[in-house]
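Below is one structure; the comments refer to it alone.
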Amino acid sequence: MDKFITALSNLNGTAVIIFLAFVAVTLGITHWASRHMKTTNDAYSAGGQITAFQNGLAITGDYVSAASFLGISGLVYMSGFDGLIYAVGFLVGWPLVMALIAEPLRNLGKYNFSDVASYRFNPHPIRVMASFGSLATVFCYLIAQMVGAGKLIEVLFGLPYLSAVMIVGVLMMVYVVFGGMLATTWVQLIKAVLVLFGASVIAFLVLFHFHFNFNDMFASAVDTHSKGLAIMSPGTLLKDPVSAMSLGIGLMFGTAGLPHILMRFFTVPDAQAAKKSIFIATGFIGYFYALVFIIGFGAIVFLTKNPDFLDDKGGLLGGSNMAAVHLAHALGGNVLYGFVSAVAFSTILAVVAGLTLAGASSISHDLYANVFRRESTSDKGEIKVLRIATLAVGLIAIILGIIFENQNVAFMVGLAFAIGASANFPVILTSIYWKKMTTRGALAGGWFGLIGAVGLVILSKTVWVDIFHFETAVFPYEYPALFSMPLSFLAIWFFSITDNSSRALVDRAGFDAQYVRSQTGIGASTNTVNH
Amino acid sequence: MTSNKTPASTEQILNSTEFKQLIVERRKLSLPVVFTITVAYFAFILMIAFDPSVLGQTIGDGKVSIGIYLGLGLLLLSFFLTYLYLRLSNGKVAELQQAVRNKFQ
């Protein structure tokens, strides 16, 4: 405990100054963006005027959460190889998004993936289903980020958990309410540059120590770590084959079902720019995960036997999630420590802003404008609802962050990906490519996938035993996607081929026109807006 | 979002040689990308699931295991495949797309 207090008193002005500078700059941008937020197109997709490179960086900012940066480096620090399983899983979805989803999605939609799922089907029930899928994904992800933020700020800045969660919640609401997608995009951009720079510096210092000889670095880590050579092979993260495959499926296909990521494809002028931004994002994200892997191994080498960063039991001060931050301190002194702390905080802030916008726009665009008002709303009215929805999403996120204070962060991110893979991805993919699909099939697939994923998690040990205190779990595995994603595809198939309703005829007849537009871009939303 | 195309023109586009070629060319590009990354990733996951000791073996007299090489290789493969798709789809696929647009738009 003494060491913990010493660590807190070591906290220097660098972290606070850099963080306040980040807040000041992003609030300035929000003020600037607020004057450009006149139409729903501005609010949801920044007028489609973001360049491919900017969007690639912004996707990186959206995708690389604090859970990746702190969580994966912490996982590598604890057990070596296992951290790589997450890092790889987070990247392999991108070639799929590139080859199957990006272009048709951009050609068919306007603001979000519900536009695509409802293109030829009965739009109202489909939008209700799609927005529930979006909101479920968004809230799981938000809980993970809020809890991570609270814990991090508690350790780094000495603020109580509650006020840390409130600060994050209020700032993200300000960005989205006043600046919409334009402000959110710039928050992502700045954060992406900061986090890539910070991680590069730490990884460079680690490699510099080993004269850029990777083998020496790994050898030194093996010699230092209590598990020895075991850190070079799969460890205890995945206890059984089913869990391994289930997590793998969730991570790979979940990427293609994350609403806040899919929304970013509409901020660029056309499908070509959307593809280019995916390529840029994949490059930056892959580079980042390689850095995080090096940082994790660096933490093993430099922290494992360094009493400055260990508690009485030999664990890291503030938990294993602090590995990257402590390593920055050990290698770069107080300046780098302060810088990386501030970067970690801004990382969370940027991700929650993107999530809040995705969740709130699902309420204002899908539920309010298209379902409740049956498309008879004005831009002004819809933006007003977007702002109210943002406040609601933000408040709920703060409350959930407080309720789930002790929930495992990595698990919640895994769950968000599992819902994305089970509820959103199957509907998006089949609605684009399968002619015989009908409204009934889409609804069955979306709801079965969502309820299946959430239901299996409730029946698993994490909720059934740990929260509800039942004796044994009904569902013996940790991750649901291996079961819930095929369930969704099966439901889409079965309830479509057996559908003989009159609506089914309309749905199937609509495919050809949709197919032509998705493949050629003829008739696509072009974003040459008149201001 | 306004479409002034009549159903007849959808039919015309669908039956045009340019459009049919576009679909073939795109498929030749997207299916191998999807197949490669899915097979490579699930081979990796299945090895973790069923025979983790294989991945733990070190190569030569170094300390770096096969699993680490394969994992980092998958990161590179993902990047390479997105690059490949972007690069190649800017060639023939983009030309055919333009041809369809010129003819019907």
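Here, each number is a calculation from the coordinates, and none is a lab measurement. Quick caveat: nothing in here was measured; it's all calculated off a predicted structure. Neighbour counts are summed over all protein chains in view; Cβ atoms, including those assigned to glycine, are modelled from backbone coordinates with ideal geometry.
Brief remarks follow.
- Phi-based couplings in Hz for segment A:211-217 (Karplus 6.51, -1.76, 1.60; Gly and Pro marked x): 6, 6, 9, 4, 4, 4, 4
- Modelled spin-label separation between A:Glu405 and A:Arg503, with each label point placed 7 Å from Cα along the Cα-to-Cβ direction: 4.6 nm.
- Computed over chain A, the per-residue total of -39500 (n - 2.57) for DSSP H runs of n ≥ 4 gives a 222 nm mean residue ellipticity of -23000 deg cm²/dmol, rounded to 500.
- Around A:Ser114: net Lys/Arg minus Asp/Glu count, Cβ-Cβ under 9 Å: -1
- Residue-count net charge about B:Thr82 - beta-carbon cut-off 14 Å; Lys, Arg +1, Asp, Glu -1: +2
- Between segment A:442-512 and segment B:25-51, the alpha-carbon centres lie 24 Å apart.
- Pairwise label distance in nanometres, A:Asn213 with A:Lys38, each label 7 Å out on the Cα-Cβ vector: 6.4
- Distance distribution P(r), the protein assembly as shown, all Cα-Cα pairs, bin width 20 angstrom from 0: 20, 55, 23, 2 percent.
- Simple spin-label estimate for A:Val25 and A:Ile467 in nanometres, 7 Å along Cα-Cβ: 3.8
- Cβ-based charge dipole, chain A, positive-most Cα from A:Leu57, A:Phe157, A:Leu327: A:Leu57
- Full-extension gain in nm, A:Val474 to A:Leu159, via 0.36 nm per residue minus C-alpha separation: 109.5 nm
- Centre-to-centre separation between the Cα atoms of segment A:85-144 and those of segment A:342-373: 14 Å.
- Ordering A:16-22, A:442-448, A:224-230 by mean Cβ neighbour count within 10 Å, with the highest value first, yields A:442-448, A:16-22, A:224-230.
- Under a 5 Å amide H cut-off, with hydrogens placed 1.01 Å from N, A:Leu310 pairs with A:Leu317 among residues at least 5 apart or on other chains.
- Helix axis angle, A:379-403 relative to chain A longest principal axis, alpha carbon, degrees: 40
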